[in-house]
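Engineer: Let me begin by handing over the structure; questions about it come next.
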Amino acid sequence: MLNINSAFKLNNGVEMPLLGLGVFRAPAGDEARAAVRTALEYGYRHIDTARIYCNEKSVGRGIRDSGVKREDIFVTTKLWRTDFQQPRRGLEESLERLGLDYVDLYLLHWPFTGFAQAYLELEKLQREGLCRAIGVSNFKIHHFEALKQAGAEVMPQVNQTECHPANAENELLAWCQAHQVALEAYSPLGGQGRLLVADPVISGIAAYHQVSGAQVLLRWNLQRGVIVIPKSIHPERILVNSQLYDFELTDAEMQAIGKLDRGDRRGWDPDRIEDRPADQWPVPAEEA
Ligand SMILES: NC(=O)c1ccc[n+]([C@@H]2O[C@H](COP(=O)([O-])OP(=O)(O)OC[C@H]3O[C@@H](n4cnc5c(N)ncnc54)[C@H](OP(=O)(O)O)[C@@H]3O)[C@@H](O)[C@H]2O)c1
């Protein structure tokens with residue numbers, strides 16, 4: 001039976017909570033800090049940030065505000081392209097901002113040029129204990145093959161990728177399950193500005209279970225064995241997004257939701273990531 005403490009056992013034995021709080025575009029300062037503290041108070045034990053979100057200091061402050069023990073929280077951050085040549089510096093600076101000695105998961109944020117060499121450095125950082133698990137984000141199957149060819153010894157523990165009913169990633173999920181890579185869904189509600197919470201199929205199922213569309217979307221991925229990291233800075237939504245364990249989707253409902261898949265990726269295609277113009281990256285101001 002799934003509950004808020006349910007975890008995915010990664011291929012190196014580390015336990016990763018199936019539910020986490022995402023903080024992409026959670027403004028640095030009071031908002032991100034309070035969202036993290038609130039989530040931890042509601043029982044979340046997993047926070048997903050990144051160097052490029054420019055809110056790692058606020059995340060660290062929110063963690064300390066909560067009073068929850070460090071070892072009981074799973075913290076993820078990600079290596080940005082500007083540090084692909086020096087992943088150690090990237091991680092050490094993230095740790096400094098977070099105020100932590102280690103992160104639980106360190107991800108290559110996108111398969112930018114040089115990703116395979118950067119991944120080999122992550123293997124070293126993991127051996128040194130600076131990160132308990134290592135992984136990738138926005139990887140397709142062929143990117144994993146490139147890691148192997150570059151001499152990677154450790155199969156990434158996690159692939160964090162865009163995943164919701166409109167972009168179900170069934171093939172990638174099957175591949176990850178066959179290769180002991182945990183699939184972690186970003187934009188599990190459909191992504192900021194493109195939410196699926198009001199989709200008629202989702203709403204109909206939500207009404208039947210007397211829950212919200214967001215809860216149905218999250219529960220759908222949990223029942224597929226996919227980790228979810230919904231983002232919110234609003235306490236009532238942070239709470240609702242964690243209330244996923246008093247109802248269960250039937251096989252017929254899972255299938256009906258599965259039919260919404262149309263390969264509708266909201267974010268950039270990982271194969272074309274180097275084509276993305278610099279001015280289209282949301283780069284927030286550095287936090288104080
Ligand atoms: N690896 C990557 O490249 C990558 C890319 C994108 C995201 N991510 C990670 O994944 C996390 C989640 O993805 P996301 O932020 O793109 O999108 P998301 O979680 O699918 O959606 C977040 C949006 O939904 C709203 N929301 C949250 N709960 C709601 C509810 N119960 N009802 C209605 N609206 C609700 C939020 O608004 P409010 O905040 O105003 O409540 C926000 O606008 C990110 O925060 C980040 O940690 C990673």
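Engineer: With the structure loaded, tell me whether Q160 is part of a loop (DSSP other than H, G, I, E, B) and within 12 Å of the ligand (Cβ to nearest atom) or whether it fails that test. Even if it seems obvious, please write down each step before you answer.
Structural biologist: On the way: part of a loop (DSSP other than H, G, I, E, B): no; within 12 Å of the ligand (Cβ to nearest atom): yes.
So Q160 does not fit the description; no.
Engineer: Of all residues in segment 90-101 being within 13 Å of I73 (Cβ to Cβ) and crowded, with 17+ Cβ neighbours inside 10 Å, which is nearest to the ligand (Cβ to nearest atom)?
Structural biologist: L98
Engineer: Out of all the residues in segment 39-57, which are under 18 Å from the mean Cα position of the chain (by Cα) and in a helix (DSSP H, G or I)?
Structural biologist: Quick first cut of segment 39-57, residues under 18 Å from the mean Cα position of the chain (by Cα) only: 39-40, 43-56.
Across segment 39-57, the qualifying residues are A39, L40, R51, I52, Y53, E56.
Engineer: Determine whether Q180 is under 20 Å from the mean Cα position of the chain (by Cα) and assigned to a loop (DSSP other than H, G, I, E, B).
Structural biologist: Numbers: under 20 Å from the mean Cα position of the chain (by Cα): yes; assigned to a loop (DSSP other than H, G, I, E, B): yes.
So Q180 fits the description; yes.
Engineer: Taking only segment 58-102 into account, find how many residues are of a type in the set (D, E) and assigned to a loop (DSSP other than H, G, I, E, B).
Structural biologist: Residues meeting the conditions: 1.
Engineer: Report whether or not K69 is surrounded by fewer than 24 Cβ atoms within 10 Å (Cβ to Cβ), closer than 22 Å to R219 by Cβ and without any contact (Cβ under 8 Å) to a residue 40 or more places away in the chain.
Structural biologist: Values: surrounded by fewer than 24 Cβ atoms within 10 Å (Cβ to Cβ): yes; closer than 22 Å to R219 by Cβ: no; without any contact (Cβ under 8 Å) to a residue 40 or more places away in the chain: yes.
Criteria not met by K69.
Engineer: Just to check your reading of the model, which residue among L260, L249, L244, L239 is surrounded by 15 or more Cβ atoms within 10 Å (Cβ to Cβ), in contact (Cβ under 8 Å) with a residue 40 or more places away in the chain and part of a helix (DSSP H, G or I)? Talk me through it step by step, then tell me what you get.
Structural biologist: Working: L260 fails: part of a helix (DSSP H, G or I); L249 fails: part of a helix (DSSP H, G or I); L244 fails: part of a helix (DSSP H, G or I).
None of the others qualify; the one that does is L239.
Engineer: Let me ask another. Given the criteria more than 24 Å from G191 (Cβ to Cβ), within 16 Å of the ligand (Cβ to nearest atom) and at pLDDT 95 or above, does F84 qualify? Quick ask: steps written out before the conclusion?
Structural biologist: Details: more than 24 Å from G191 (Cβ to Cβ): yes; within 16 Å of the ligand (Cβ to nearest atom): yes; at pLDDT 95 or above: yes.
It is true that F84 is more than 24 Å from G191 (Cβ to Cβ), within 16 Å of the ligand (Cβ to nearest atom) and at pLDDT 95 or above.
Engineer: Step by step: first the residues of segment 263-275, then only those that are surrounded by 13 or more Cβ atoms within 10 Å (Cβ to Cβ) and either of a type in the set (K, R) or not in a helix (DSSP H, G or I) (or both), then the one that is nearest to the ligand (Cβ to nearest atom). Which residue is that?
Structural biologist: G267
Engineer: Specify the residue that is farthest from the ligand (Cβ to nearest atom); the eligible residues are those in segment 131-142 that are surrounded by fewer than 20 Cβ atoms within 10 Å (Cβ to Cβ) and under 20 Å from the mean Cα position of the chain (by Cα). Don't jump to the end; show me each part of the working.
Structural biologist: Within segment 131-142, the subset surrounded by fewer than 20 Cβ atoms within 10 Å (Cβ to Cβ) is 140-142.
From what's left, under 20 Å from the mean Cα position of the chain (by Cα): 140-141.
Numbers: K140: 13, I141: 17 Å.
By that ranking, first place goes to I141.
Engineer: For the list (1) more than 30 Å from F144 (Cα to Cα); (2) buried (at least 18 other Cβ atoms within 10 Å of the Cβ), I need the number of the one condition that A288 fails.
Structural biologist: Checking A288 against (1) more than 30 Å from F144 (Cα to Cα); (2) buried (at least 18 other Cβ atoms within 10 Å of the Cβ), the one that fails is (2).
Per-residue answers, yes or no, for (1) of a type in the set (A, V, I, L, M, F, W, C); (2) touching a residue at least 60 places away in the same chain (Cβ under 8 Å); (3) touching a Leu at 6+ places or on another chain (Cβ under 8 Å); (4) over 18 Å from G99 (Cβ atoms):
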residue: N12; (1), (2), (3), (4): no, yes, no, yes
residue: L19; (1), (2), (3), (4): yes, yes, yes, yes
residue: F24; (1), (2), (3), (4): yes, yes, no, yes
residue: A28; (1), (2), (3), (4): yes, yes, no, no
residue: V36; (1), (2), (3), (4): yes, no, yes, no
residue: L40; (1), (2), (3), (4): yes, no, no, no
residue: I52; (1), (2), (3), (4): yes, yes, no, yes
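Engineer: Check A206, A198, A174 and return the single one that is among the hydrophobic types (A, V, I, L, M, F, W, C), more than 8 Å from the ligand (Cβ to nearest atom) and not in a helix (DSSP H, G or I).
Structural biologist: Details: A206 fails: not in a helix (DSSP H, G or I); A174 fails: not in a helix (DSSP H, G or I).
Selected residue: A198, the only one of A206, A198, A174 that is among the hydrophobic types (A, V, I, L, M, F, W, C), more than 8 Å from the ligand (Cβ to nearest atom) and not in a helix (DSSP H, G or I).
Engineer: Can you tell me which residue within segment 218-236, out of those that are near the ligand (Cβ under 9 Å from one of its atoms) and either in a loop (DSSP other than H, G, I, E, B) or in contact (Cβ under 8 Å) with a residue 24 or more places away in the chain (or both), is farthest from the chain's Cα centre (by Cα)? Walk me through how you get there before you give the answer.
Structural biologist: Keep residues of segment 218-236 that are near the ligand (Cβ under 9 Å from one of its atoms), which gives 218, 228-234, 236.
So of that shortlist, the ones also either in a loop (DSSP other than H, G, I, E, B) or in contact (Cβ under 8 Å) with a residue 24 or more places away in the chain (or both) come out as 218, 228-234.
On the way: L218: 13, V228: 7, I229: 5, P230: 8, K231: 10, S232: 13, I233: 16, H234: 19 Å.
Looking at the filtered set, the residue picked out is H234.
Engineer: While we're looking at this one, here's another question. Right, G204: out of contact with any strand residue (DSSP E or B) (no Cβ under 7 Å at 6 or more places or on another chain), modelled with pLDDT under 95, over 30 Å from L10 (Cβ atoms) and surrounded by fewer than 17 Cβ atoms within 10 Å (Cβ to Cβ) or not?
Structural biologist: On the way: out of contact with any strand residue (DSSP E or B) (no Cβ under 7 Å at 6 or more places or on another chain): yes; modelled with pLDDT under 95: no; over 30 Å from L10 (Cβ atoms): yes; surrounded by fewer than 17 Cβ atoms within 10 Å (Cβ to Cβ): yes.
No: the conditions fail for G204.
The values are calculated or read from the model by the stated rules, or taken from the named source; none is laboratory data. Fair warning: this is a prediction, and the values are worked out from it, not measured in the lab. Methodologically, a virtual Cβ is constructed for each residue, glycine included, from the backbone with ideal geometry; neighbour enumeration extends over all protein chains shown.
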